[in-house]
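What follows is a single structure, written as structure tokens, with notes after it.
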Amino acid sequence: MISSTSSVVNIYPLSSYTFGTKDPRMEKDTSVSDRLARMKINYMKEGMRTSVEAILLVQEHNHPHILLLQIGNTFCKLPGGRLKPGENEIEGLKRKLSSKLATNSQGHQPNWQIGECAAVWWRPNFETIMYPIALPISPNQKSARKFSLFTSEREYFAVPKNLKLLAVPLFELYDNIQRYGPVISTIPQQMSRFQFKMVIS
């Protein structure tokens, strides 16, 4: 029997969150080829590379939106990054969120609420293409990207000055590969198994 039960995700208004800025954070790679080359070097040293990224959902005009970091004028990505060898996924994602979006002030400790994993994407080769399944013809995966839900009733986000934090309607991502790429544009499908509850604060 197929269960009809779906997980409930509370989505809070965008106005519940406070936004500020902090010093710029520069990217380690200046091009896709540089990133793939660094990935290959790291794979030879440490094995498969695992990244964890957060799906930050908010509501605006009673519609679910996702928070994306924009680099330059076009490239968007989810906040997160690479795990250290042996690092716990949830603790690693909290560390990356703090690095990317927490204030540098010691007086504020963010309360990152990490939910369940929504999707995993696999890279079988040192190329840009990734798949939502681990292909059996490529048992030695080169990297994995794991997307986890993030919910918080209130939070302060400190955005690096060289980046923008955009609230993008979930419906705008759907099948919009040209703007958001082949992975982020599938997030609406990944969210289809969840039940959204719009919380009024």
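The values are calculated or read from the model by the stated rules, or taken from the named source; none is laboratory data. Source: prediction; values computed, not measured. Every residue, glycine among them, receives a Cβ derived from its backbone with ideal geometry; neighbour counts consider all protein chains shown. Just so you know, the surface numbers come from the protein's heavy atoms only, side chains and all, with ligands and any DNA or RNA stripped out. Shrake-Rupley method; radii C 1.70, N 1.55, O 1.52, S 1.80 Å.
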For region 1-139, rounded, prolate or oblate, judged on the Cα gyration tensor with a ≥ b ≥ c (square roots of eigenvalues), a/c < 1.5 rounded, else prolate if a/b > b/c? oblate
Please list, or write none, the aspartates and glutamates whose alpha carbon is within less than 19 Å of the alpha carbon of LYS164, excluding same-chain residues fewer than 8 places away. ASP23, GLU27, ASP29, GLU53, GLU60, GLU155, GLU172
Applying the Karplus parametrisation 6.51 cos²θ - 1.76 cosθ + 1.60 with θ = phi - 60° to the phi angles of region 180-188, what ³J(HN,Hα) value in whole Hz is obtained for each residue in order, glycine and proline being reported as x? 10, x, x, 9, 4, 5, 9, 4, x
Taking only protein heavy atoms into account and a 1.4 Å probe, give the accessible area per residue of the chain in Å². 56 Å²
Cut-off 17 Å (backbone N to label point 7 Å along Cα→Cβ of LYS45), residues of region 139-173: 143
Rolling a 1.4 angstrom probe over the protein chains, ignoring ligands and nucleic acids, what is the accessible area of SER192 in square angstrom, nearest 10? 90 Å²
Percent antiparallel among DSSP beta bridges confined to the chain, rounded to 5, stands at 55 percent
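Compute the length gained on full extension between ARG38 and SER7: take 0.36 nm times their separation in residues and subtract their Cα-Cα distance, giving the result in nm to one decimal.
7.4 nm
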So who's got an amide H within less than 5 Å of the one on ARG49, skipping anything under 5 residues away but keeping other chains? H placed 1.01 Å off N, in plane. SER143, ALA144
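For the chain, with all protein chains present and a 1.4 Å probe, just round the carbon and sulfur fraction of the accessible area to a whole percent. Spell out each step's value before the answer.
Working: 5890 of 11320 Å².
Carbon plus sulfur share of accessible area: 52 percent.
Mind checking the full-extension length gain between GLU127 and SER99? Use 0.36 nm per residue of separation minus the Cα-Cα distance, one decimal, nm. Could you put the intermediate results ahead of the total?
Working: separation 28, 0.36 × 28 = 10.08 nm, distance 2.68 nm.
Here the answer is 7.4 nm.
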Entries of LYS100/LYS142; LYS22/LYS146; LYS40/LYS146; LYS161/LYS197; LYS84/LYS161; LYS45/LYS96 with Cα pairs more than 30 Å apart: LYS161/LYS197
Expressed in nanometres to one decimal, the distance between label points 7 Å along Cα→Cβ at THR30 and GLN109 is 4.1 nm
How large is the convex hull of the Cα atoms of region 93-172 per residue, expressed in Å³ as a whole number? 154 Å³
